[in-house]
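Bear in mind these aren't lab numbers, they're just calculated from the coordinates by the rules spelled out. Not measured: the values here are computed from a predicted model. We place every Cβ from the backbone using ideal geometry, glycine too, and count neighbours over all the protein chains shown.
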Amino acid sequence: MTIDFLIKSAISKAFKVAFDAELTIAEIALQETRKEFVGSHTFVTFPFARMSKKSPEETGRVLGEYLVQSKVEIKSFNVVKGFLNIELSDVVWLNLFAAILDTPNYGIHPPANKKVLVEFSSPNTNKPLHLGHLRNNFLGHSISQILTANGYEVSMSNLVNDRGIHICKSMLAYVRYGNGETPKSSQLKGDHLAGKYYVKFDQEYKKETEELILQGMEAEQAKKKAPILLEAQEMLQKWEANDPEVIALWKQMNGWVYAGFNESYQTMGIQFDKYYYESETYLLGKDIVEEGLEKGVFFKKDDGSVWVDLTDEGMDEKLVLRADGTSVYITQDMGTADLKYADFKFEKSVYVVGNEQDYHFKVLFSILKKLGRTYAGGLYHLSYGMVDLPSGKMKSREGTVVDADDLMQEMFDTAEQHTKELGKVEGFDETEAKELYRKLGLGALKFYLLRVDPKKRILFNPQESVEFQGFTAPFIQYTFARISSILRRAKQLEIDANSGIIKNQNQLAAEEIDLIKVIADYPAKIFLAGENMDPSLVAQYIYDLAKEYNRFYTVHSIFKEQDSQVMAMRVALSNQVAITIESAMLLLGIEVPERM
RNA sequence: GCACCCGUAGUUCAAUUGGAUAGAAUUUCAGAUUCCGGUUCUGAUGGUUGGGGGUUCGAAUCCCUUCGGGUGCACCA
């Protein structure tokens, strides 16, 4: 029986006995007691004053007296206005803690045979990953871990945008100005090499446009008639016609880019179960257009174009097939949705995509519902805000983009610098030290991007992101490293910290109860983070846990404690905090070092 | 113009989804260690929750209005 249930059923009974009123357990909500008051659980009596026919204060007092008298588990109560605060006896907390110690994989819900597909990253193959991708990747990876912890069988997929006019732009610039450069010949990562020529294209395009304007052409016209652009369009047509030369070049350059991406993903600690390529999916969805016409979901206009009318749901009419019979973005997405369902038979399918596409996904999901897709109810757009810089928005053409590889390297360097200043890496060999800097630097970056609500836009302050104090990953990692040191010592001293010893005690200090409370919260936090698709809840939680432990640590000594049972209990408490920190940080994709 | 999202200490973010005196971090200042790691801990300073109205026992949260910022409104992806 859980503590919540015990209190609720007692309250329900109290209503019956004291007020002759019927209040079911389901109607009773408990909340956490605020820190400044005594107790752990709070029942708000305002809404029930009418039922008890007494004032909220009096209602609380009567209930409190009944609870203390009838339940040994309840130690005391106090009433502040309409709030009944309930304090539990130490034994309840000790038993709860002992039960947690005996739970393997504490906090992780067992597999429930539910499948979910999480799609994220989705880069274009014409330029390297940037800061925006990092938020996307970290979010996608983290939410996958969180859903796994909630019992889902998770697959991670990446839909690569590997075709289209923008890809031809970098290809064309390479043909014109590349001189046969390769990643090997220039020691440049493949994605950066492609990006270099994408930028080059844009420069040439601007130059040619300006020349046409000087020759007297209208600006609008010149933008469409620049020779380099026409040539890129021609290249796209050749690509679609399967021209061997263009295809060969495309394969070669994309190959370089993939090698570059893989390196970046590896640095991030991210892997995908399945890759989808737009070159293989961009023709999908046309049969669905036929199906929609037959079902009367879509309609055809006089010019032959096909549309869907969503005005009844407060949206517009939306084109799903051009007059010339070619498909558009959403056609392809309909087809891909079917394909993904056929591949994975998921219950949930999550799209991690920026919030500028909110409308697109609303439309897509609505169409799939209208078409009667059984899986449509499980589709979810994990929408996230943009990453801004103090200087404003990132713009690739203005060179204000923060490159993902550069940024990660910078974080590693900063971690190295911080660590060396403190001189804490004696006894580390070269590889161990490097690994530590990676854990610290990447952890700081991931935490910085995951600690805020995904829906909100982030202001990325480079100075702040490398901070190692306050609400940061290194603060938590430090707490973990310090506990690890305590546990090493405990092992040396051969302190046996099993749950049996805990049960033999009957007293706890306030800081110990506070710590057990936070630990006990972990499973519910994982659940909430999964329900809300929000890793920031986990980040907040770990920070609270680490802070609570540090508070405990300064007040209570472990190895100087005279009572060996209390000492063992504190070791067990430390151990459980370490386990929970490690487990929760992994949900954010962050590793914790045992020494730093 | 229409649609959607967001406005909370100087700054960056929270607020148990309608609950108590709106909390953290950071900055500045003042303090704590015979100790298991000082990248730690305690305290102080800082708020008309953009403005106005409403709903109710109770509003940062819900409704209306107004101001400010962002995004989307391609037969692009």
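A few remarks follow.
- Any hit, the stretch A:282-293, residues being surrounded by 13 or more Cβ atoms within 10 Å (Cβ to Cβ), within 13 Å of RNA strand B (Cβ to nearest atom) and closer than 18 Å to residue A:167 by Cβ: yes
- Among residues of the stretch A:532-547 that are of a type in the set (A, V, I, L, M), those with a beta-carbon under 8 Å from a residue that is part of a helix (DSSP H, G or I) and near RNA strand B (Cβ under 8 Å from one of its atoms) at least six positions away or on a different chain give the pairs A:537/A:528; A:546/A:475; A:546/A:479.
- Selected residue (only one of A:431, A:400 is of a type in the set (Ser, Thr, Tyr) and touching a strand residue (DSSP E or B) at 6+ places or on another chain (Cβ under 8 Å)): A:400
- Among the residues of the stretch A:458-491, those identified as within 11 Å of RNA strand B (Cβ to nearest atom) and surrounded by fewer than 16 Cβ atoms within 10 Å (Cβ to Cβ) are A:459, A:461, A:463, A:464, A:469, A:470, A:471, A:485, A:488, A:489.
- Failed item in (1) among the charged types (D, E, K, R); (2) more than 8 Å from RNA strand B (Cβ to nearest atom); (3) within 17 Å of residue A:544 (Cα to Cα), with residue A:451 passing the rest: (2)
Residue-wise test of (1) closer than 25 Å to residue A:240 by Cβ; (2) surrounded by fewer than 16 Cβ atoms within 10 Å (Cβ to Cβ).
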{"residue": "A:114", "(1), (2)": "no, yes"}
{"residue": "A:124", "(1), (2)": "yes, no"}
{"residue": "A:143", "(1), (2)": "no, no"}
{"residue": "A:179", "(1), (2)": "no, yes"}
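- Positions within the stretch A:115-174 being more than 14 Å from RNA strand B (Cβ to nearest atom), without any contact (Cβ under 8 Å) to a residue 60 or more places away in the chain and either under 16 Å from residue A:197 (Cβ atoms) or not β-branched (Val, Ile, Thr) (or both), in sequence order: A:144, A:151, A:153, A:173
- Of the residues making up the stretch A:149-174, those that are over 22 Å from the mean Cα position of the chain (by Cα), crowded, with 16+ Cβ neighbours inside 10 Å and assigned to a helix (DSSP H, G or I) are A:166, A:167, A:168, A:169, A:170, A:171, A:172, A:173, A:174.
- Residue within the stretch A:519-531 that is surrounded by 20 or more Cβ atoms within 10 Å (Cβ to Cβ) and either among the polar types (S, T, N, Q) or farther than 15 Å from residue A:149 by Cβ (or both) present: yes
- Residues of the stretch A:349-386 that are within 9 Å of RNA strand B (Cβ to nearest atom) and either of a type in the set (S, T, N, Q) or out of contact with any helix residue (DSSP H, G or I) (no Cβ under 9 Å at 6 or more places or on another chain) (or both): A:355, A:356, A:357, A:358, A:359, A:383.
- Members of the stretch A:509-547 found to be small (Gly, Ala, Ser) and assigned to a helix (DSSP H, G or I), listed by number: A:510, A:520, A:524, A:529, A:530, A:536, A:539, A:546
- One residue stands out in the stretch A:492-521 among those that are charged (D, E, K, R) and within 19 Å of residue A:88 (Cβ to Cβ): the one that is farthest from RNA strand B (Cβ to nearest atom), namely A:503.
- Qualifying residue in the stretch A:530-545 (condition: in contact with a Pro (Cβ under 8 Å, 6 or more places away or on another chain) and farther than 20 Å from residue A:476 by Cβ): yes
- Restricting the stretch A:239-281 to residues that are among the small types (Gly, Ala, Ser) and touching a Gly at 6+ places or on another chain (Cβ under 7 Å) leaves a set whose member that is surrounded by the most Cβ atoms within 10 Å (Cβ to Cβ) is A:260.
- Where residue A:452 falls short, out of the listed (1) outside any loop (DSSP other than H, G, I, E, B); (2) under 17 Å from the mean Cα position of the chain (by Cα); (3) not basic (Lys, Arg): (1)
- The stretch A:387-435 - residue that is surrounded by 17 or more Cβ atoms within 10 Å (Cβ to Cβ), within 9 Å of RNA strand B (Cβ to nearest atom) and of a type outside the set (Val, Ile, Thr) and, of those, farthest from the chain's Cα centre (by Cα): A:418
- Residue that is surrounded by the most Cβ atoms within 10 Å (Cβ to Cβ), among those in the stretch A:542-555 that are more than 6 Å from RNA strand B (Cβ to nearest atom) and of a type outside the set (Val, Ile, Thr): A:549
- Pairs, first of a type in the set (Ser, Thr, Tyr) in the stretch A:412-425, second near RNA strand B (Cβ under 8 Å from one of its atoms) and part of a helix (DSSP H, G or I), C-beta under 8 Å, six or more apart: A:419/A:440
- Options A:507, A:492, A:477: the member that is within 16 Å of residue A:412 (Cβ to Cβ), out of contact with any Cys (no Cβ under 6 Å at 6 or more places or on another chain) and polar (S, T, N, Q): A:477
- Consider the stretch A:568-596 and keep the residues that are part of a helix (DSSP H, G or I) and of a type in the set (Gly, Ala, Ser). The one that is farthest from RNA strand B (Cβ to nearest atom) is A:583.
- Residues in the stretch A:4-55 that are near RNA strand B (Cβ under 8 Å from one of its atoms) and surrounded by 17 or more Cβ atoms within 10 Å (Cβ to Cβ): A:33, A:39, A:42.
- Selection within the stretch A:303-324 - more than 9 Å from RNA strand B (Cβ to nearest atom) and not in a strand (DSSP E or B): A:310, A:311, A:312, A:313
- Close pairs (9 angstrom Cβ cut-off, 6 or more residues apart or separate chains): assigned to a helix (DSSP H, G or I) in the stretch A:473-501, more than 10 Å from RNA strand B (Cβ to nearest atom) and among the acidic types (Asp, Glu) anywhere: A:477/A:591; A:480/A:582; A:499/A:102
- Note on the stretch A:203-237: residues that are in contact (Cβ under 8 Å) with a residue 40 or more places away in the chain, surrounded by fewer than 16 Cβ atoms within 10 Å (Cβ to Cβ) and not polar (S, T, N, Q) amount to 1.
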